[in-house]
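Visitor: Before I ask anything, let me first share the structure, which is written out below as structure tokens.
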Amino acid sequence: MGSFLWTLCLVLSSLASVALCATPRRPIDVQFGRNYYPTWAYDHIKYFNGGSEIQLHLDKYTGTGFQSKGSYLFGHFSMHIKMVPGDSAGTVTAFYLSSQNSEHDEIDFEFLGNRTGQPYILQTNVFSGGKGDKEQRIFLWFDPTKEYHRYSILWNLYQIVFFVDDIPIRVFKNSKDLGVRFPFDQPMKIYNSLWNADDWATRGGLEKTDWSKAPFIAHYKGFHIDGCEASVEAKFCATQGKKWWDQPEFQDLDAAQWKRLRWVRQKYTIYNYCTDRKRYPQLPPECKRDRDI
């Protein structure tokens, strides 16, 4: 898939006279302990292959989670995850960035479990200044329980891009000039967790977690972080403009990426706040710039 996308990128860039392609650098896999540490229910995290792979376990008593050692203001963050197989209704497997104050910023991947035979739902959201309400939901074009897939977030001063493997599934542009808040001055930690959310996660809470199927197990590896590490009080990145993810070609998607994103939206999107007229009678100003309509 990666070579196909790169070839497509070159062809479309040539046709569109785009000078550079915005394919992120391939993540470097490391052991868990290099970038992360457990934060709760330590005995529900299992380690394999010298810490290069871990399992998160959820039972009727508790879920578990881990977080990054550092806080980051922009960067590229990636995780290989294999989701809970079988009947996973009520469970949420999460990979997200968040700052640590009341008006927090947050960038979310949340994988909502389902009954056996029903597809997982991937929900993304962006919070800025404590306000979110920008949910998008998609089905995936593969079974995420069968093997590992890479989920990544590219965050710079210009945009936030959510990737599944090499395919962008969502872009959230910096639209501060339109009055839309954008995460830019609150360093964030990276969090991962497996927890019970059967009050809302599956069919709005109608499907409850079947504890006879416990423990529910999610697999993680990769643990890639390439970001501007900063203290939680920092207001700017000390390496602004020097990192690969901060270069001009990453200020927007390229032609090939926009094509793949349109493919995801047309075939796999099941909810987009930008098209929810009951919730938002007036179109949110960022939606047109993000090409969500």
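The values are calculated or read from the model by the stated rules, or taken from the named source; none is laboratory data. None of the values given here were measured: they were computed from a predicted structure. Cβ: placed from backbone, ideal geometry, glycine included. Neighbour counts: every protein chain shown. We work out accessible area using only protein heavy atoms, side chains counted, and drop any ligands, DNA or RNA first. Shrake-Rupley method; radii C 1.70, N 1.55, O 1.52, S 1.80 Å.
Visitor: Just checking, which of ARG260, ARG289 is closer than 22 Å to VAL126 by Cα and either open to solvent by less than 60 Å² (accessible area, probe 1.4 Å) or without any contact (Cβ under 8 Å) to a residue 24 or more places away in the chain (or both)?
Guide: Answer to the check: ARG260.
Visitor: Turning to a different aspect of this structure: Taking GLY222, is it outside any loop (DSSP other than H, G, I, E, B), small (Gly, Ala, Ser) and more than 25 Å from ILE45 (Cα to Cα)?
Guide: no
Visitor: Given the residues ASP177, ASP166, which is the only one that is within 14 Å of the chain's Cα centre (by Cα), closer than 21 Å to ASP290 by Cβ and among the charged types (D, E, K, R)?
Guide: Answer to the selection: ASP166.
Visitor: Hey, another quick one. If I filter the range 236-243 for residues that are open to solvent by 50 Å² or more (accessible area, probe 1.4 Å) and closer than 29 Å to ILE45 by Cβ, do I get at least one hit?
Guide: no
Visitor: Go through (1) of a type in the set (Gly, Ala, Ser); (2) open to solvent by 10 Å² or more (accessible area, probe 1.4 Å); (3) within 16 Å of the chain's Cα centre (by Cα) and name the single condition SER68 misses.
Guide: (2)
Visitor: Suppose we filter the range 124-167 for residues that are surrounded by 16 or more Cβ atoms within 10 Å (Cβ to Cβ) and not in a loop (DSSP other than H, G, I, E, B); how many remain?
Guide: Matching residues across the range 124-167 total 21.
Visitor: Can you pull out the residues in the range 182-194 that are open to solvent by 10 Å² or more (accessible area, probe 1.4 Å) and either touching a Lys or Arg at 6+ places or on another chain (Cβ under 7 Å) or farther than 23 Å from LYS131 by Cβ (or both)?
Guide: Within the range 182-194, ASP185 is the sole residue that qualifies.
Visitor: Can you find a residue that is among the hydroxyl-bearing types (Ser, Thr, Tyr), farther than 21 Å from SER68 by Cβ, assigned to a helix (DSSP H, G or I) and open to solvent by 80 Å² or more (accessible area, probe 1.4 Å) anywhere in the range 264-271?
Guide: No, there is no match, as no residue in the range 264-271 is among the hydroxyl-bearing types (Ser, Thr, Tyr), farther than 21 Å from SER68 by Cβ, assigned to a helix (DSSP H, G or I) and open to solvent by 80 Å² or more (accessible area, probe 1.4 Å).
Visitor: So, one more: Restricting the range 71-94 to residues that are out of contact with any Leu (no Cβ under 9 Å at 6 or more places or on another chain) and closer than 17 Å to GLN31 by Cα, which is most open to solvent (accessible area, probe 1.4 Å)?
Guide: The residue in question is LYS82.
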